[in-house]
Structures are given as C-alpha cells and as structure tokens.
Amino acid sequence: MRIKGLDLNLLLAFDILLEERSVSRTAKRLHLSQPAISAALGRLRNFFKDDLLVLHGKQLIPTSYAESLVPEVKRILAQVDGLIAMSSDFDPVRSERLFRLMASDYMLNVLITPVIASIQHTAPNVKLNIRLSEESVRTEFERGRIDLMIVPDEFLSVQHPSELLFEERHVVVGWNKNALMTQKMSTKVFLKSGHINVEMGANGYPPFTERHMEKLGYQRRIEVYAPHFSVVPWMILETKRLAVMPERLALKFCKVFPLKMAPLPFEFPLMRVMAQFHSARAGDQGLKWLRDCLHETVRNSVP
C-alpha cells in the first residue's frame, strides 16, 4: 500500500532498523533476507532524501533527521495496530489473542491472578504476558507494545486515557508474635521500629508508601530493602520488623503466613490504582473486554 509514493511496509522496516541499528538483526526480526532489508533502506533513503542511517564501524548510526522521524513513525504504527484490533469484533471464547500488561507484583497477587482464574473457562485460549514495572516497559507502552498498564495514578501518562480500578488503604504488617502487633501502635513506636522497605525496578524507585511518608515528614528506620512485595513476609517472620503494604495484599499474606496487620497510627492518603491504555487503542474491543474483567474482579473482591 502506498500513500504519496511511500510504501507503508517500509515504515516497519524503518522502525526496527532504528532500534537494532543493524541490517542483519533487522532482517532476523522481520524474517526477511539481508538484501531485502538493504533494499528497503535504500528506498527509504530515496523517499526521504536523507542517508537516515550511516555506517560507523560495524554499527549504523541514525542521522538527526532519522531521529526526528522516530516519534511520528511509532505513532503511526501504533495507530495502525489499534485500527487492526478495532476492525473486528472480539469473541473471548474463540480468541487466541495475547494481551501484554505491565503491573507490579502487588497487582499480580491481588488482581491479575484472580482474573487469570476467572477467564480460564470464558476465554480458554486468551493469553496474558505480564511485565513488572520498569522504565523500559513504559517506553514499550508509548510505542504501543504494551496493551495495559496498571499503576498508581501518579505514574499515569497525561497523553493516554485511563480509568480508576479501585482505591487502596495501607496497613502495618508484622509477625503475629511480635509484641508491637498486640497493642495499639503509636507514631513514635512505628517510626523507631525496624522496617522493611520495597524499592522496585532497576533504579530502586521508592513505592507509594515511602514517597508519601516523605511528604508527611515521617522518616522510618529502614533495616532491609526488598526488591518486591512477594518476599516481604519471609523477611518479617520471627523478627520485630514491620512493613507497610497495601491492605488487599496484607490480607492475602495474613491468610498464608503467621502475620498480623494493623492500621497505620496516622492519617495516610488512599492510593488510586488505575488502568491505562494507549490512545491508539481507545476503540479496541478486546482491550475493553479485559478492562471489564478487571473491574468485575475488583467488584467481587472484599478489601
């Protein structure tokens, strides 16, 4: 298909070439021969009247003009992908679609896992690919390669639509034989106790809890930094340490481990958990079905 002389198939080749900066790797990803990719690059150069990619050593380096084209090319490809998804009705019973999601391990425990259980009969061939929250995954979302992000509202992109899934309280969790958990806890005792803190992602970005503790002027005594919530129960058992975590997750952990939960000894803001999808997927019926599944799971859960 051509628009004003441009073969739209070349845009996909351009996108992968700019990512890989290698003809051979691009050919491998697109399941084409290296001569075919070299020819595509030549046609792109002729159309845009620019070298686009210049060989330096063994790597192709993009020109400034090529880099300026990248955002628009990715936007166009994302819109085309969204258009394809919108072009037919979605039947969960027959669909073999793969949905790509980004969520924290907290969301995996309290929301995604129940959704997986609930759709095993209604959508037996639908597949989910879940990625943990990372900056690189957010970049993939902007490129249209992640269907849905489940994040606190402060992490939303203003460029894309979103909807509220639920609001969440935070609680204190400790070993059920920890004396601190058998009495009403004061703010002073809470702050002086040893704590386990969760820092997620390669850059150790602090979670909702720590960011808002700082805003309130509270400084805990952190003794252990954990990479995700799922390991926290093991670090609390048979210790005097405390952890602050979302209430839904704490309820799950307390059913499995000898733990006890209690309210925070001070006012703390609710966390608004959101589902965000790319603007190019606003009419995607399959994605709407998945969001409806998430909302139904929330309605059926009791925090």
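Rule-based calculations on the coordinates, nothing more; no lab input. These numbers were taken from a predicted model, which means no experiment stands behind them. With ideal geometry, Cβ positions are generated from the backbone for all residues, glycine too; neighbour counts draw on all protein chains shown.
In terms of other Cβ atoms within 10 Å, V231, V126 run from fewest to most in the order V231, V126. Computed from point charges on the beta carbon alone (+1 for Lys and Arg, -1 for Asp and Glu), the dipole magnitude for the range 2-86 about its Cα centre is near 180 Debye.
Charged neighbours of K188, selected by a Cβ distance under 15 Å, balance to +4 (K, R count +1; D, E count -1). The translational diffusion coefficient of the range 2-86, from Stokes-Einstein at 4 °C and 1.567 mPa s with a Kirkwood hydrodynamic radius over alpha carbon pairs, comes to 98 µm²/s. Within the shell of other residues whose beta carbon sits under 10 angstrom from the beta carbon of F277, the net charge comes to 0, with Lys and Arg scored +1 and Asp and Glu -1. Within the chain, the longest segment free of exposed loop sites, counting GluC sites (Glu not before Pro) that fall outside DSSP classes H, G, I, E and B and have at most 12 other Cβ atoms within 10 Å, spans 97-237. For the range 276-303, backbone nitrogen atoms closer than 12 Å to the point 7 Å from R169 Cα along Cα-to-C-beta are found at 303. Only one residue of P92, F208, H195 has its Cα farthest out toward the positive end of the dipole of the chain, where Lys and Arg carry +1 and Asp and Glu -1 on Cβ, and that residue is H195. Each of Y225, Y218, Y106 was scored by other Cβ atoms within 10 Å of its Cβ. Arranged with the fewest first, they read Y225, Y218, Y106.
Among H31, H56, which comes first, then next, by fewest other beta-carbon atoms within 10 Å? Walk me through the numbers on the way to the answer.
Numbers: H31 6, H56 9.
Ranked by crowding around the Cβ, least crowded first: H31, H56.
In a shell of Cβ-Cβ distance under 12 Å around T122, excluding T122 itself, what net charge do Lys and Arg (+1) and Asp and Glu (-1) give? Can you show the working numbers first?
Details: positive: R94; negative: D91, D292, E296.
That works out to -2.
Does anything in the range 263-303 have its amide N under 11 Å from the 7 Å Cα→Cβ label point of L191, and if so which residues? Residues passing the 11 Å test: none. Counting only DSSP beta bridges with both residues in the chain, what percent are antiparallel, rounded to the nearest 5? Of those bridges, close to 65 percent are antiparallel. Against the chain, whose longest principal axis comes from its Cα atoms, helix 285-300 is set at around 0 degrees. For the chain, the longest principal axis of the alpha carbon atoms and the long axis of helix 34-48 meet at an angle near 80°. In this simple spin-label approximation, E140 and S279 carry label points 7 Å from Cα along the Cα→Cβ vector, and these lie 2.3 nm apart.
Could you give the size of the charge dipole of the chain about its Cα centre, using +1 on the Cβ of each K and R and -1 on the Cβ of each D and E, expressed in debye and rounded to the nearest 20? If you can, show how the numbers build up before the last one.
On the way: 40 positive and 33 negative charges, 123 e Å.
Roughly 600 debye, rounded to the nearest 20.
For Cα Rg over 2.2 N^0.38 Å, the value computed from the atomic coordinates appears in the list (1) 1.13; (2) 0.97; (3) 1.25 under label (3). Listed by chain and number, the lysines whose alpha-carbon sits under 20 Å from that of K192, ignoring those within fewer than 8 places in the same chain, are K177, K184, K215, K240, K260. Each of K177 and V93 was given a label point 7 Å from its Cα along the Cα-to-Cβ line. The distance between the two points is 5.4 nm.
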